[in-house]
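Colleague: Please find one structure pasted underneath; my questions will follow.
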Amino acid sequence: QVQLVESGGGLVQPGGSLRLSCAASGRIFSIYDMGWYRQAPGKQRELVAVITRGGSTNYADSVKGRFTISRDIAKNTVYLQMLSLKPEDTAVYHCHAPGTEYWGQGTQVTVSS
């Protein structure tokens, strides 16, 4: 059973930055793609960014140029660097291996002045 644990969320002012981390309990990056998803109150969960097993990345249009997904295979950790944060980025952010049941518990990101 793989466990995913997110960290790094918090309260930040508009224009600020945060880096989220997702630590996996096992070596899954060579097996699965990994994604960051977010869900704001009253809204559907949306895919923010994904990194494939081969290392290719893709982003939602709303975060392109501001967010960067990366991974450290040796540390079994996926990151989401978020720059130029906006109030509309406020949500609970989860990491997830698409096509599997592996989800983290989520970390709250609040962008507010």
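The values are calculated or read from the model by the stated rules, or taken from the named source; none is laboratory data. Only a predicted model underlies this, so the values are computations on that prediction, with no experimental measurement involved. In this analysis, Cβ positions are derived from the backbone assuming ideal geometry, glycine residues included, and neighbour counts consider all displayed protein chains. Each accessible area value is taken on the protein alone, full model and side chains, heavy atoms only, with ligands, DNA and RNA left out. Shrake-Rupley method; radii C 1.70, N 1.55, O 1.52, S 1.80 Å.
Colleague: With viscosity set to 1.567 mPa s at 4 °C, what whole-number translational diffusion coefficient in µm²/s follows for the chain from Stokes-Einstein and a Kirkwood radius over Cα pairs?
Modeller: 93
Colleague: On average, how much accessible surface per residue is there in the chain, in Å², for a 1.4 Å probe, leaving out ligands, DNA and RNA?
Modeller: Accessible surface, normalised per residue, equals 53 Å².
Colleague: Using a basic spin-label model with each label point 7 Å from the Cα along Cα→Cβ, how many nm lie between residue 81 and residue 64?
Modeller: Each label point is offset 7 Å from its Cα along the Cβ direction, giving 2.0 nm.
Colleague: In addition: Report, to the nearest whole %, how much of the accessible area of the chain belongs to carbon and sulfur atoms, 1.4 Å probe, protein only.
Modeller: Carbon-and-sulfur percentage of accessible area, whole number: 47.
Colleague: Go through the stretch 56-68 residue by residue and turn each phi into a ³J(HN,Hα) via Karplus (6.51, -1.76, 1.60, θ = phi - 60°); whole Hz please, and just put x for glycine and proline.
Modeller: Those phi angles translate into 6, 10, 8, 9, 5, 4, 5, 10, 4, x, 10, 10, 9 Hz.
Colleague: Taking the alpha carbon gyration tensor of the stretch 2-44, what are the square roots of 5 times its eigenvalues, largest first, to the nearest whole Å?
Modeller: Rounded to whole Å, the semi-axes are 25, 14, 9.
Colleague: OK, next. Ordered by residue, what ³J(HN,Hα) values in Hz, to whole numbers, does the stretch 99-113 give under the Karplus form 6.51 cos²θ - 1.76 cosθ + 1.60, where θ = phi - 60° and Gly and Pro are x?
Modeller: x, 10, 8, 7, 10, x, 7, x, 9, 7, 10, 10, 10, 7, 8
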